[in-house]
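What follows draws every value from the coordinates through simple rules; no lab data is involved. Predicted model only: the values in this text are computed from it and were never measured. Cβ coordinates were reconstructed from backbone atoms using ideal geometry, including for glycine residues, and neighbour counts include every protein chain displayed.
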Amino acid sequence: MGKGTGGETRVALVTGASRGIGRAVAIRLAHEGCHVVLMSRSAGPLSEVKSLIEESGGSASVAVADAGDAAGLARAVDGVIAAQGRLDIVVNNAGITKDGLVLRMSDEDFMQVIQVNLMSAFIVCRAAARAMMRNRFGRIVNIGSTSGVVGNAGQANYAAAKAGLIGLTKSLARELGGKGITANVIAPGFIETDMTAGLPEEVKQRILEGMAVKRFGVVEDIAEAVAYVASDAAGYLTGQVICVDGGLTMT
């Protein structure tokens, strides 16, 4: 994965790379030999991830951008491509939640989640596609959610954004497949992260009862799935939604 056909080091951009799933994905891609560009809205936490990668013999750099600032994000991604000279893999992981029942949800809370979780992915994908087309190779991996597949009470904004991400990804797969570029969604179920840490214990137990694998996932479960989808071995896999959820959403 880390080297192209000409021996060049492939460049991977991971958004929301400072913690949780994004952090694990960045470390995994660096282990595969990619130069990983770590992106988040604050440089401090990214420095720790960068150091971990470099101490393990990997290569990484930092790019600061706020996923909620469309213009700033676009400039940052263009800057990454200019600095690196290429962009081979993008993992759109940045996201937020502002949960609430529909009847109580404000326009602002709905639109902010759409902006960060969906619009930011579109901006990154658009810039990345231009760079990938020049090399006739690319892997677009969008981190979705099972909420975008089956919905979730109290998460109309989040589910809508993640469902939109599926439509965006499938459209990209159709538009770019002839150029050697694939686009897929990895849809995590309940993963042990900061987002799920605050769930009441009774809610956790109810979720576990509905799962075939009787445990919550860990961030490394998602990182492994991303590593495969981003690899050369997955060149015939595109436009797919892969639910890494312990069997929670089986139909």
Checklist entry - Residue by residue, what Karplus-based ³J(HN,Hα) values in Hz, rounded to whole numbers, does the stretch 170-180 have, using 6.51, -1.76 and 1.60 with θ = phi - 60° and x for Gly and Pro? => result 5, 5, 4, 4, 5, 6, 10, x, x, 9, x
Next on the checklist: Please give the charge dipole size of the stretch 11-242, origin at the Cα centre, charges +1 on K and R Cβ atoms and -1 on D and E Cβ atoms. Round to the nearest 20 debye.
Outcome noted: 720
Checklist entry - Can you flag which of LYS3/LYS98; LYS162/LYS214; LYS179/LYS204; LYS50/LYS162 are past 32 Å Cα-Cα? => result LYS3/LYS98; LYS179/LYS204
Checklist entry - Taking neighbour counts of Cβ atoms within 10 Å as a proxy for exposure, in what order, fewest first, do ASP232, ASP245 appear? => result ASP232, ASP245
Checklist entry - Angle between the Cα long axis of helix 219-229 and the longest principal axis of the chain, 0 to 90 degrees, nearest 10? => result 50
Next on the checklist: Just to be sure I understand the model, the point goes 7 Å from the Cα along the line to the Cβ. What's the resulting ARG134 to ALA82 distance in nm?
Outcome noted: 1.2
Item to check | Projected label distance in nm at GLU224 and GLU8, using a 7 Å step from Cα toward the beta-carbon | outcome: 3.2
Item to check | Residue-by-residue Karplus 3J(HN,Hα) for the stretch 96-102, coefficients 6.51, -1.76, 1.60, Hz, glycine and proline x | outcome: 9, 10, 9, 6, x, 5, 3
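Would you mind calculating the relative contact order of the stretch 11-242 from Cα pairs under 8 angstrom and at least 6 residues apart, reporting the percent as a whole number?
19
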Item to check | Virtual spin-label span in nm between LEU199 and SER42, 7 Å along Cα→Cβ | outcome: 2.5
Checklist entry - How large is ³J(HN,Hα), in whole Hz, for each residue of the stretch 49-63 in order, when computed from phi with the Karplus curve 6.51 cos²θ - 1.76 cosθ + 1.60 and θ = phi - 60°, using x for Gly and Pro? => result 5, 4, 5, 4, 5, 5, 5, 8, x, x, 10, 8, 9, 10, 9
Checklist entry - Taking Cα atoms, how many degrees apart are the long axis of helix 120-135 and the longest axis of the chain, rounded to 10 and kept between 0 and 90? => result 30
Checklist entry - Which of ASN92, ASN152, ASN184 moves the most in a Gaussian network model of the chain with Cα springs under 10 Å? => result ASN152
Next on the checklist: Going by amide H atoms built from the backbone, whose H comes under 5 Å of the H on GLN240, apart from near neighbours?
Outcome noted: VAL185
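Which residues make up the longest stretch of the chain clear of trypsin sites (Lys or Arg not before Pro) that lie in a DSSP loop with no more than 12 other Cβ atoms within 10 Å, not counting the sites? If you can, show how the numbers build up before the last one.
Numbers: sites that count: ARG136, LYS214, ARG215.
The answer is 1-135.
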Checklist entry - Which residues' amide hydrogens lie under 5 Å from the amide hydrogen of GLU192, considering only partners 5 or more residues apart or on another chain, with H built in the peptide plane? => result GLY217, VAL218, VAL219
Checklist entry - Roughly how many Å is it from the Cα centre of the stretch 124-198 to that of the stretch 211-251, as a whole number? => result 13
